[in-house]
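Inspection log for the structure reproduced underneath, given as structure tokens.
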Amino acid sequence: MTRPRAPWRLLVVNGPNLNLLGVRETGVYGAVTLAEIEARCRDLAETLGAELAFVQSNHEGSLVDLIQDARGRQDLIIINPAAYTHTSVAIRDALLAVALPVIEIHLSNIHRREPFRHRSFVADIALGQIAGFGPDVYTMAVTAAVRHLQAASGP
Ligand code: DHK
């Protein structure tokens, strides 16, 4: 496999209901909108020399399509699968199929919440999981992604 080279191409995938960030359950997910999170990620990506694609869908099949489209076009996927984290074999299989490194993120600390949120179909195929720091998990993941790709690109 060819090693990735800068500029790193990052895809950020957002699952269901994240389009309502800033409005939905603000005590859990905070008051920052997805558009603001995208803007923060874009600023950081530019600073770090990365290209950023940022997508959201409420539909499992559309998320599978978006992940499949990343094959050969992106170097790494950052994903907040939202509720599909806990249910979707299809999203897991799509991530395995494209064989790109994955970073899993959640605004809330899913391990402190209801037991059904403790299970993730993505965690064991991800480089790592970042959860519980609100919108900052997105920029943390962009930083981690670039560091990972830099290390993987070799000297
Ligand atoms: C977002 C959701 O919509 C939930 O279904 C997940 C995740 C947690 C988050 O914290 O970002 O359980």
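Applied to region 111-128, the Karplus parametrisation 6.51 cos²θ - 1.76 cosθ + 1.60 on θ = phi - 60° returns per-residue 3J(HN,Hα) values of 7, 9, 9, 4, x, 5, 8, 6, 8, 10, 7, 10, 3, 7, 10, 9, 4, x Hz, with x for Gly and Pro. For region 23-35, putting each phi into the Karplus relation 6.51 cos²θ - 1.76 cosθ + 1.60 with θ = phi - 60° gives couplings of 10, 7, 5, 5, x, 9, 9, x, 9, 7, 7, 5, 4 Hz, in residue order, rounded to whole numbers and with x for Gly and Pro. As a proxy for reagent exposure, Thr143, Thr47 were ordered by neighbouring Cβ count within 10 angstrom, fewest first; the result is Thr47, Thr143. Extension gain for Val23-Gln150 works out to 42.1 nm (0.36 nm per residue, less the C-alpha to C-alpha distance).
Between the amide H of Gly128 and those of Glu104, distances stay under 5 Å, these residues lying 5 or more places away or on another chain, with hydrogens modeled in the peptide plane. Amide H contacts of Gln56: Asn14, each under 5 Å away and 5 or more positions distant or on a separate chain (H built 1.01 Å from N in the peptide plane; Pro and chain starts excluded).
Close amide H pairs (under 5 Å, H built 1.01 Å from N) link Leu21 with Leu34, residues at least 5 positions away or on another chain. Between Met140 and Asp65, the modelled label-to-label distance comes to 3.3 nm, taking each label 7 Å out from Cα in the direction of the beta carbon. Placing a label point 7 Å from the Cα of Glu36 along the Cα-to-Cβ direction, the residues of region 83-116 with a backbone N closer than 19 Å are 106-109.
Where nothing but the Cβ of Lys and Arg (+1) and of Asp and Glu (-1) is charged, how large is the charge dipole of the chain around its Cα centre, in debye to the nearest 20?
Numbers: 14 positive and 15 negative charges, 60 e Å.
Dipole magnitude for the chain comes out near 280 debye.
Here the 3J(HN,Hα) profile of region 12-18, calculated from phi with Karplus coefficients 6.51, -1.76 and 1.60 at θ = phi - 60°, is 9, 10, 10, x, x, 6, 6 Hz, Gly and Pro shown as x. Add +1 for every Lys or Arg and -1 for every Asp or Glu among the other residues with Cβ under 14 Å from the Cβ of Phe133, and state the total. The answer is 0.
Relative to the longest principal axis of the chain, what angle (0 to 90°, nearest 10) does the C-alpha long axis of helix 60-69 take? Taking Cα atoms only, the helix is inclined about 10 degrees.
The residue among His148, Phe133, Leu11 whose Cα reaches farthest toward the positive pole of the charge dipole of the chain, with charges on the beta-carbon of Lys, Arg, Asp and Glu, is His148.
Convex hull volume of the C-alpha atoms in the chain, normalised per residue: 98 Å³.
Computed from the coordinates by the stated procedures, all read-outs in this text should not be read as laboratory data. None of the values given here were measured: they were computed from a predicted structure. Using ideal geometry, Cβ is built from the backbone for each residue, glycine included, and neighbour counts are taken over all protein chains shown.
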